[in-house]
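The values are calculated or read from the model by the stated rules, or taken from the named source; none is laboratory data. Just so we're clear, the structure is a prediction, and the values are computed from it rather than from any experiment. Don't worry about glycine lacking a Cβ; one is built from the backbone with ideal geometry, like all the others, and counts go over all protein chains shown. For the accessible areas, the whole protein counts, side chains as well, though only heavy atoms, and no ligand, DNA or RNA atoms are used. Shrake-Rupley method; radii C 1.70, N 1.55, O 1.52, S 1.80 Å.
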Amino acid sequence: MKVGIADTTFARYDMARAAIGAIKKEASLEIVRYTVPGIKDLPVAAKKLLEEEKCDIVMALGMPGAAAQDKMCAHEASSGLIMAQLMTNKHIIEVFVHEDEAGDEKTLAWLAEKRSVEHAQNVIRLLFHPEKLTRLAGTGQRQGYEDAKPIEGGSGGSVVH
Amino acid sequence: MKVGIADTTFARYDMARAAIGAIKKEASLEIVRYTVPGIKDLPVAAKKLLEEEKCDIVMALGMPGAAAQDKMCAHEASSGLIMAQLMTNKHIIEVFVHEDEAGDEKTLAWLAEKRSVEHAQNVIRLLFHPEKLTRLAGTGQRQGYEDAKPIEGGSGGSVVH
Amino acid sequence: MKVGIADTTFARYDMARAAIGAIKKEASLEIVRYTVPGIKDLPVAAKKLLEEEKCDIVMALGMPGAAAQDKMCAHEASSGLIMAQLMTNKHIIEVFVHEDEAGDEKTLAWLAEKRSVEHAQNVIRLLFHPEKLTRLAGTGQRQGYEDAKPIEGGSGGSVVH
Amino acid sequence: MKVGIADTTFARYDMARAAIGAIKKEASLEIVRYTVPGIKDLPVAAKKLLEEEKCDIVMALGMPGAAAQDKMCAHEASSGLIMAQLMTNKHIIEVFVHEDEAGDEKTLAWLAEKRSVEHAQNVIRLLFHPEKLTRLAGTGQRQGYEDAKPIEGGSGGSVVH
Amino acid sequence: MKVGIADTTFARYDMARAAIGAIKKEASLEIVRYTVPGIKDLPVAAKKLLEEEKCDIVMALGMPGAAAQDKMCAHEASSGLIMAQLMTNKHIIEVFVHEDEAGDEKTLAWLAEKRSVEHAQNVIRLLFHPEKLTRLAGTGQRQGYEDAKPIEGGSGGSVVH
């Protein structure tokens, strides 16, 4: 199994380091890193990792700014990442941290680290333990800030129907 | 016939359980469940269920949050689900419950359950009883809350022209 | 020639009956009707009618609600319908009536009927009388409410250049 | 060389006549005109002109209304026109005149005429004189209203590097 | 290696000259320039440069206006550029300067020049020195205005994992 990591020079935190560290902690996998200027360059970078580098899954890491134009860029990048997945039948886990998700830089750095780590764990689950994701289905998992609580006695999905 | 169920760990209610229960009540079908982290992972999950697991139809279940960013994610996911259908010529029934569709958690849970069940019934109709859908055409069917009423003497469609 | 009619159980008026009636009045054509739950199911339904049922053209009939979320659904459905046309090189005539296009239910029903009928006439023109559309080019045709007037002596297009 | 002209019955001015006149003034070319009901029908019409009628380039002419819903239609049509170009590797020159671009009908008619003519000239340049476009690069060309001025001594591009 | 430069006559500054100058300073490469009327013509122009002119990478240069309609055009163009990349598995570096990014024309010209130059450097890195981009990962690089600072001790990515 081979994991692609696509990240940007635009981001203000080295999210890839966090993600790569978390992946290595959980599994021994080949990792290919590909850095592009900004988030709108991520869709083709991810697709190239999947098709040319033969990765089985990709993480696309980015930090969109807080302005309206940045939100639009993030929307365009996200739409492109979904299309890239549909063209390859492989997952690209988008890990975006918007600059306005935290009130100060310290929290923003913490969030970027934590979200990258927690989505790296999702990558491992998708590759090796899909049943673990199903057990967490409907339980309000969040990556970064605290999980939301399941509502009304939700208790995670069953892998047996 | 084989039904795929794609759901998320982000959701706060186990909508898949509700959907699977409703399907089993109506028909004996093979069901494949595939849980991903969030709604933006649903399009490729649904496409993989259709193409790799050879499902005949997929339900894509999710609970987008109430913030503007969550609405954008839901839009991106919905667009991807439509594209996945166009690439496969198969239906993916989107069952999204937005967190702001209910004023309290109890109602939200009820809504998530009810909408999942009612869309599971639509899945059965699409697979086995398309003429039942035509009889309901133009009658203001809603999934979850009460149906809208048909206007001006609307009385459902006729399958014979 | 074969015409596909895709409609929804969500709509509150049987627009398909109006459209089918108008088509039959003008031409003897095979008609295939396919009803789906909502407008976001229309793109793949229309594509299946074109590709699996070998229709030459499709009408996609729907009645989006008035809320912001409904407008977004209509946008996603419209984008999908355009993509389905580009993938098949065939026309899908979208006939959407937004609930907030009329102040009362009686007018809404009248509008749904009239727009369906007038677009059915467009379908006949596209199939059999394209020169009639060119003669109407630039004349402010509307489907449902009164036509807009051509501006500044516009008088319709010429089929001879 | 063959030019496709796609236009609509919705428009309130015969933009195609203006465009065809301007093309004929500059070159002797085969022209195929294809009129559809509205701007959302233009993407597939343009693609059919390129693929079925073997046109080398297409002009897509339309006049979106001023309401929010009309703006959304224009957005969907524009996105479809871009996709149609990507699927064919040929240009489709979009010539849209929004009803709210002019304060009165006389100006609107003038604008529709002028923009159609000036984009027809762009079509000729793209087909026969691409170097003329490069000489105008970065000079603030507008179609219809007065050109914007180049800023800071901009003086058009050079075709020799 | 061959670099495509797609630019517009709509822009008010000759961004291509800036980009081409910067590329030539760093490497001896074949450059193909292709000028189109506006930014919505850039996606197919870029794709033609990649596929018909066999370019290895393309820069797409444009200057969207400040009005809401211009922002929508930029969104459509950006979405198309991302799709063109996914269809070719090659990078198209978008270099857009919005007219409202600067308070006066002098600054706007400076910004258009600087952003074009800095993105030309990104092109060189993508082609010849991808490891340089990785060393800059997460450091808040901006093209044009001053770089953002990395947060919380970010120090650029490592190419060795």
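Tabulated data for the structure shown
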{"item": "Every residue from the stretch E:100-117 that is at the interface with chain D (Cβ under 10 Å from one of its Cβ atoms) and either in contact with a strand residue (DSSP E or B) (Cβ under 8 Å, 6 or more places away or on another chain) or open to solvent by 50 Å² or more (accessible area, probe 1.4 Å) (or both)", "result": "E:ASP104, E:GLU105, E:LYS106, E:TRP110, E:GLU113"}
{"item": "Flag if C:ARG17 is within 23 Å of C:THR88 (Cα to Cα), within 7 Å of chain B (Cβ to nearest Cβ), under 16 Å from the mean Cα position of the chain (by Cα) and not polar (S, T, N, Q)", "result": "no"}
{"item": "Inter-residue pairs, beta-carbon under 8 Å, first closer than 12 Å to E:GLU26 by Cα and at pLDDT 95 or above and in the stretch E:118-130, second in a helix (DSSP H, G or I) and among the charged types (D, E, K, R), 6+ apart", "result": "E:ALA120/E:GLU26; E:GLN121/E:GLU26; E:ILE124/E:GLU26; E:ARG125/E:LYS132"}
{"item": "Identity of the residue in the stretch C:82-99, outside any helix (DSSP H, G or I), within 11 Å of chain D (Cβ to nearest Cβ) and touching a residue at least 12 places away in the same chain (Cβ under 8 Å), that ends up most open to solvent (accessible area, probe 1.4 Å)", "result": "C:LYS90"}
{"item": "Unique residue being assigned to a helix (DSSP H, G or I) and touching a Pro at 6+ places or on another chain (Cβ under 9 Å) when the list is B:SER116, B:SER79", "result": "B:SER79"}
{"item": "Selection status of C:HIS129, closer than 25 Å to C:LYS2 by Cα, surrounded by fewer than 22 Cβ atoms within 10 Å (Cβ to Cβ) and more than 11 Å from the chain's Cα centre (by Cα)", "result": "yes"}
{"item": "Condition check for D:LYS54: more than 17 Å from the chain's Cα centre (by Cα), more than 19 Å from E:CYS73 (Cα to Cα) and in contact (Cβ under 8 Å) with a residue 40 or more places away in the chain", "result": "yes"}
{"item": "Residue satisfying all of: in the stretch A:142-161; open to solvent by less than 60 Å² (accessible area, probe 1.4 Å) and over 19 Å from the mean Cα position of the chain (by Cα); modelled with the highest pLDDT among these", "result": "A:PRO150"}
{"item": "Sole exception among (1) more than 16 Å from E:ILE5 (Cα to Cα); (2) open to solvent by 30 Å² or more (accessible area, probe 1.4 Å); (3) outside any helix (DSSP H, G or I); (4) not β-branched (Val, Ile, Thr) for E:GLY65, by number", "result": "(2)"}
{"item": "Qualifying residues in the stretch D:68-81 (those that are in contact with an Asp or Glu (Cβ under 7 Å, 6 or more places away or on another chain) and open to solvent by less than 10 Å² (accessible area, probe 1.4 Å)) - the one nearest to the other protein chains (Cβ to nearest Cβ)", "result": "D:SER78"}
{"item": "Criterion (assigned to a loop (DSSP other than H, G, I, E, B), facing another protein chain (nearest Cβ under 7 Å) and modelled with pLDDT of 95 or more) met by exactly one of A:THR139, A:THR134", "result": "A:THR139"}
{"item": "Odd one out for E:ILE124, checked against (1) in a helix (DSSP H, G or I); (2) within 14 Å of chain D (Cβ to nearest Cβ); (3) surrounded by fewer than 23 Cβ atoms within 10 Å (Cβ to Cβ)", "result": "(2)"}
{"item": "Criterion: modelled with pLDDT of 95 or more, surrounded by fewer than 17 Cβ atoms within 10 Å (Cβ to Cβ), part of a helix (DSSP H, G or I) and not aliphatic (A, V, I, L, M) - qualifying residue of D:LYS54, D:LYS40, D:LYS25, D:LYS48", "result": "D:LYS25"}
